[in-house]
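First the structure, in the form of C-alpha cells, and then the observations on it.
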Amino acid sequence: MAPIAKIIGQRVALGMLTLWIVSVIIFAGVQFLPGDIATEMLGQSATAETIAAFRKSLGLDLPVHLRYAYWLADVLRGDLGTALSNGRDIGELIRPRLFNTLFLALTAAIMAVPSALLGGLLSALYRNTFFDRLINVFTLSSISLPEFFIAYILIMVLSAKAGIFPSLADVDSTAGLAGRLNAVALPALTLTLAVLAHMTRMTRTSIINLLANQYIETARLKGLPEWRVLVRHALPNAWAPIVTVVVLNLAYLITGVVIVEVVFVYPGLGQLIVDSVQKRDIPVVQACSLIFAATYVLLNLTADVLSIVTNPRLMHPK
Amino acid sequence: MSKWGEHSKPALTVSRRSVLKSAAAVGALAITSSGATLSVVAQESAPKRGGHFKLGVAAGATSDSLDPGTYTNSFTELFGKTLHGYLTGIDADGKVNGEIAESWDVSKDAKTWIFKLRKGVEFHNGKSLDAKDVLASINHHREEQSKSGAKPIVDPVDEVRADGPGTVVFVLKDGNADFPYLLEDFHLAIVPSKDGKADVSGVGAGGYVLDNIDYGVKGTGKRFANYWKSDAAWFDSFEALAIHDVTARTNALATGQIHAMERCDLKTIHLLERNKDLEIVSIAGTQFYCTAMDCKAAPFDNADVRLAVKHAINRQQLLDTLLHGHGKLGNDHPIGSTNRFFAKNLPQREFDPEKARFHLKKAGLSDLKISLSTADAAFPGAVDAAAIYQQDAAKAGVSIDVVREPNDGYWDTVWLKKPFYMSYWLGRPTADWMFSQGYAADAAWNQGHWKNARFNELLVAARSELDDAKRSEMYAEMQSICRDDGGEVIPVFANNVSALSRKIAHTKLASNWDLDGFRCAERWWFADA
C-alpha cells in the first residue's frame, strides 16, 4: 500500500496549495467588486459619516494585504473569524448551513447514484432496445431542462396539484429525520434528475466499450448468463471512469445547488455565499469558498484513489 | 402649550378598535342597516386568539441583526414592529397615536416635546419600562460612532432627558410639528436599558417574544402574556420566512404553507386573483419610482430642460404596464395621495410632447440627447420602464440613451453620482420628513442635487408651524415648486401589493409601511374557517 500512501500525501499537499491559491483569488476578486461591506450594508441609507464609522469599526481602513495576512494567520490557527456584517462567529454561521447542504446532497446522492448505476447497467444489458431508448430519452431530457424548470414542474405536479410534498423546504434544527426528508424531497428529486443522465450514460458507455474485449467473449463462451458477465467481468474494469463521473456529480450536488436552494428556499451554503458576496462580507465568502474548494479537492482525491484501488494494474505497477 | 396625543382625537372618530368592539353589539342592526361600512365590518369575525401565523417576507439576509439601528429590510423591520414597542404609532388612517407614550405636550415653538409614558408597560424579561429605557433606546442612535439608519432622524434632537420615571423630554434644535410621527420610525424601538446602554438582543415590550431567529431564513415568536395591549397580538405564535423568490412565495401561499405574503408578482397577479382562497390587498402608500436629474450641471441646470424631460414621459402607460394598475400617477413631487398634506388641487402632469418641445425651445435647444442609467436594482422593472421612456421621449425630441448598469453596487456607483438615473423611495410618513431627507438643499440624499431658495424657506417655516391649515398651504406650495422646478421625474407611486389567505381576518390596513404598517402579527387574526 506504500505507493497509495505516497500518492495521497502528494495530493493532500497539492490540495492545500490549491486552497491557498483559491483564497488569494477570491480575496482579490471581492476587492474588484464595486463598493465594500459598508456601502452594501447601508445601501440607500448610507451617508459618508456612517460609512466611515462602519469601516473603522471593522478594520476596513487597513490596507488589503494586511487584512489578507491577518485573515490567513487566523485560518491557520483554525479560526475562521467573525462575519463582518453582524459580528457572529463564522463557524457557528456555517455549521447548520453546511449540515443542510450535506444532508440534501446525501439524500440526492442516495437516490441518484444507485438508480444511475442500475439504469446504466440495464440499458447496457438491453442495449438498443426500446427500454434503452426510453432511459436515454428520459435522462437526456432531464439534463437538458434547466434545473429551475424541473423544480417548478415538480412543484406544480407533486405539491400544488397532488399535495404530496411541500414546495417550501422549510427545515430547522428541531425537525426530525422524517420531517427533514419530507422537506427536502422535492429539491433532492430535482437534483437527482439533474445529475442522473451523466452517470447513467457513462456507466452504459463504459460497459459497452468493454463488451468487445476477448475476456468477455470467453466468459460468454463459458456459458455465463449475460447479467453475470456484466456485473462480474465488465463492471470491475469499468469502475475507474464511472467513479470519476460519480464523484464529479457528487461535488456538483454540494457546490452547484444555488438555484435549487432559491427555488425551494432551502437554507444551505449556496444562499449564504450569495448573501455574503452581495454584502462583500469577505471572511464568510472565503470560508464558503474554502469549503467548496476543499470538497472538490477531497472528492477528486477519492476518485483517483478509488480508480487505483479498483485497478490491479495501477495497484501493483511493475 | 397645546395638548396632543390621545386627547386630540375627536370623540366622534370611529377607531379601528372601537368599531370591532361595537361590531358584535350592533350585529343585528347592521344586517338591516343600509350603511355600507357597517355591513362590511359585520362580515368580519370579531378578533379571537389562537393559531400559528406564518408569513412569507421578500427580504432577509444572513447579515441581518436584531440591533434596531441596523434594520434595512422588511424582514428585520417586521421583527422590529412585532417584538418592540414604540413611543408612537400610526393608525390605518395615517394619524399618529400614543403607544408607549400615552400623551404628549409641545411648546409653542414646537421645540420642546414632553412625552408622558404609559404605566404598567413591561419588557419580555419582566423589567417594567421607565424613562431610562427610553433614553437608552434613543441615545443608541445618537452616539458619535452610531451606524444607525435612524441617525438623520435623531440628529435634530439637541437633548433628551428624563423628568421623573414617567416623563421624557425631547429638546429639538429647530421646531418640528411632526416630531411624534418621526418616533414611529421602525428603527426607534424602545428596548430595555442595561447599565445605561440599550440592550439590543431582541428583548422588547412588543406583542411577541422572540423565540428563535435564523438570519436570512426565518424567525419565530410567541405571544407575550403581559403585553400592555389586551386587544392586540391575537396569534399564539408567529413565524416569518425569508422567501426572496417571488414564485416560491406564491407557491408557498397557494399550497397553504404560509398565510400571507408581501410583494406579489404584478405580472401574474391577475392569475392569483382567480384563486378564491386568497385575498389580494393593494394599498396605496408612500413608495414611488423616480428618475433623478443632476441640477448642478448642464443640461439639467436649466429648469426648462427639466420640464421638457418631465413632459416627455408617459405616466399612464407606466402605471398600466409596469404596475398593472397597482399604483397612482405621480406628479413630480414626493407626497403620496394618502398623506394628509397631499395637494389635491395640483393639476396632474400629462404626457405632452408639444409642451416638451416648447420647453426645449425655451431653453434654446432643438433637441436633447441624454444617457439614462438604470438597473432593476433601482426598482423592479426599471430597465423596461427606461425602454418605454425612451420610446415616448423620442416623440418629444428628447433622445434617451439607456445605459444598463449592474444591479450589484448600484447604490454605490450610480445613485447620487450619475447625471440622469432611476431610483426609488420607500417614502416617509410625513411631508416634512420626506422633503427634509430627499429634497432640502443640504439633504444627504437629495437625488437631483436640487436647491430652491423658496422651497427651503418654506420647509423650515412649515416644520415648526403648529396650525394645520397654514401648514397645509405651505406644503401645497412646496409640492407645486417641486413639481415644476424639482430635479426628479416622479411618474408613479407603487402600491404595496400583498396576498392573504382567506383564513386571515383584518380591519382597514395601514399604509405607512407594508404589511399593515409591519404590524400584521399584532393586528390580524384567524377568522373561523
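Values quoted throughout were computed directly from the atomic coordinates according to the rules given, and no laboratory measurement underlies them. In this text the structure is predicted, and so the values were computed from the model without any measurement. Glycine gets a Cβ as well: all are built from the backbone with ideal geometry, and neighbour counts include every protein chain shown.
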Summed residue charge, Cβ within 13 Å of A:Y215's Cβ, Lys/Arg positive, Asp/Glu negative: +2
The protein assembly as shown - mean residue ellipticity at 222 nm from DSSP helices (-39,500 (n - 2.57) per run, n ≥ 4, rounded to 500): -14000 deg cm²/dmol
Cα convex hull volume per residue for chain A (Å³): 181 Å³
Two-site FRET efficiency, B:E473 against B:V171, from Cβ-Cβ distance with R₀ of 22 Å, rounded to 0.05: 0.20
The range B:85-205: C-alpha gyration tensor shape, a/c 1.5 cut-off, then a/b vs b/c: rounded
Relative contact order of the range A:90-315, pairs being alpha-carbon contacts under 8 Å that are 6 or more residues apart, as %: 28 percent
The range B:422-493: relative contact order in percent, alpha carbon pairs under 8 Å with at least 6 residues between: 25 percent
The range B:148-191 residues near the modelled B:K127 label - backbone nitrogen below 15 Å, point 7 Å along Cα→Cβ: B:189-191
Nearest-0.05 FRET efficiency for A:S173 and A:L140, computed from C-beta distance (R0 35 Å): 0.35
Rh by Kirkwood over Cα pairs, then Stokes-Einstein D for the range B:288-494 at 0.692 mPa s and 37 °C, µm²/s: 193 µm²/s
For the protein assembly as shown: span of alpha carbons on each principal axis (Å, largest first): 108, 69, 61
DSSP loop trypsin sites (Lys or Arg not before Pro) with at most 11 other Cβ within 10 Å excluded, longest remaining stretch of chain B: B:418-529
Cα-based helix-to-principal-axis angle, A:48-58 vs chain A, degrees rounded to 10: 60 degrees
Label-point separation, B:S337 to A:T218 (7 Å along Cα→Cβ), nm: 8.8 nm
Cα long-axis angle, helix A:282-309 against chain A (0 to 90 degrees, to the nearest 10): 20 degrees
Value of Rg to Rh for the range A:1-149 (Rh from inverse mean 1/r over Cα pairs, i.e. Kirkwood): 1.16
All lysines inside 22 Å of B:K151 as judged from Cα atoms, apart from same-chain residues fewer than 8 positions distant: A:K56, A:K279, B:K81, B:K111, B:K132, B:K173, B:K194, B:K197
Simple label model, 7 Å out from Cα along Cβ direction - B:D214 to A:R133, nm: 4.7 nm
Cα coordinate range in the range A:182-318, projected on the principal axes (Å, largest first): 66, 39, 21
Cα long-axis angle, helix A:2-32 against chain A (0 to 90 degrees, to the nearest 10): 40 degrees
